[in-house]
Amino acid sequence: MPRLGSWIEPHPEGIYVRPADAWVDPSQPKAKALVTHGHADHARGGHNAVWATPETLAIMGTRYGEQNGNPVAYDETVQIGEVDVRFVPAGHVLGSAQIVLEYAGERVVVSGDYKRREDPTCPPFIVTPCDIFITEATFGLPVFRHPDTGSEVDRLLHRLHADPSRCVLVGAYALGKAQRLICEIRARGHDAPIYYHGAMERLCQLYEELGVPLGELRHTAGVPKAEMAGHIVICPPGALNDRWSRRLPDPVTAMASGWMRIRQRARQRNVELPLIISDHADWDELTTTIREVAPREVWITHGREEALKHWCMTHQIKARELNLVGYEDEDD
Ligand SMILES: [Zn+2]
Ligand SMILES: [Zn+2]
């Protein structure tokens, strides 16, 4: 009897599904790519054919131009080669999916990136029992326990209201984090315009087109400094400390990321107001998910593989590190 999952071959540049002759999230251009979500470390341009959710294809189109895309709706099953393929919500960003692969009586779930917390911009993660669960481990250490998202957003609003002569500048990844943060801010009744860096524009527009309302957003370009006082401004993390931010009224520098748990990361970016808001599972979410999915084996793609592997072994679940390269976590 062949080894469990012998038809799935991990390579440094991605996961090769032999009976489909297709790759999951390959970091190099391939003939057939199945893509879990739109973050650049998972979705690259240049594949001959791509299978992904319609939202992920739209995001890839915005970033790389028109794709030779095969849209697959959540829960629809398509056959690729000899493999039944299904996309199931992963709760990570708009369009994000776990890819469920079935072949020869075995079910393998490639989760891509995921989280278990509520996210107003995408449907929640769905537990799909399987034989092999292929998981990330970005925050795979017990020290990573993300606080309640609402209380982090409350801290942001509190700081904003504390000094109306300043703005709060929040660094947030342009795909996913920025839109989720805006939705969370709106959910707390903050209807004032939110200003954004030009790099956010296309993806915010796309989210709105795909049915995620973000309220009134304004580009910072050409806006007098004084007008932005007392307002929230959102930019990509890379713009937090660059010349661009000098046009803002005495900004309180904030950043929304799971890494803000680590003080040194906050200091590196001169972040005054670290907000621990992550689109990845924390330690408890990772271990809870593995318990619920109850796989026979766990394969770990990227992140802090060691600790999670150890946890699996102490819970009598076989675990293995895949050592994939190029998953940079654009998107924490
Ligand atoms: Zn991601
Ligand atoms: Zn990732």
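Of note:
- Taken over segment 187-200, the residue count meeting the criterion of being within 21 Å of the chain's Cα centre (by Cα) and open to solvent by 60 Å² or more (accessible area, probe 1.4 Å) is 1.
- When residues of segment 29-43 are limited to those that are under 14 Å from A58 (Cα atoms) and not polar (S, T, N, Q), the one nearest to ligand 2 (Cβ to nearest atom): H39
- Residues located in segment 130-172, provided they are in a helix (DSSP H, G or I) and aliphatic (A, V, I, L, M): V153, L156, L157, L160, A162
- Residue ID - nearest to the chain's Cα centre (by Cα), chosen from residues in segment 249-268 that are open to solvent by 10 Å² or more (accessible area, probe 1.4 Å) and farther than 20 Å from V143 by Cβ: T253
- A single member of D21, D41 is farther than 20 Å from D75 by Cα, of a type outside the set (K, R), in contact with an Asp or Glu (Cβ under 9 Å, 6 or more places away or on another chain) and surrounded by fewer than 23 Cβ atoms within 10 Å (Cβ to Cβ), and it is D41.
- Within segment 162-176, being over 24 Å from D250 (Cβ atoms) and open to solvent by less than 10 Å² (accessible area, probe 1.4 Å) holds for L175, G176.
- Counting the residues of segment 90-109 that are open to solvent by less than 10 Å² (accessible area, probe 1.4 Å) and within 13 Å of ligand 1 (Cβ to nearest atom) gives 8.
- Of all residues in segment 93-145, none satisfies the criterion of being closer than 25 Å to E306 by Cβ, away from ligand 2 (no atom under 13 Å from the Cβ) and under 11 Å from the mean Cα position of the chain (by Cα).
- Qualifying residue in segment 315-324 (condition: within 16 Å of ligand 1 (Cβ to nearest atom) and assigned to a loop (DSSP other than H, G, I, E, B)): yes
Results for (1) of a type in the set (A, V, I, L, M, F, W, C); (2) surrounded by 18 or more Cβ atoms within 10 Å (Cβ to Cβ); (3) modelled with pLDDT of 95 or more, shown as yes or no for each residue.
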residue	(1), (2), (3)
L160	yes, yes, yes
L203	yes, yes, yes
H219	no, no, yes
V223	yes, no, yes
E227	no, no, yes
N241	no, no, no
R247	no, no, no
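- Number of residues in segment 49-74 that are in contact with a Pro (Cβ under 8 Å, 6 or more places away or on another chain) and surrounded by fewer than 19 Cβ atoms within 10 Å (Cβ to Cβ): the value is 4.
The values are calculated or read from the model by the stated rules, or taken from the named source; none is laboratory data. Given the structure is predicted, the values throughout are model-derived calculations rather than measurements. FYI the Cβ positions are ideal-geometry reconstructions off the backbone, even for glycines, and counts take in every protein chain you see. Ligands, DNA and RNA are stripped out before the accessible areas are found, and what is left, the full protein with its side chains, is counted by its heavy atoms. Shrake-Rupley method; radii C 1.70, N 1.55, O 1.52, S 1.80 Å.
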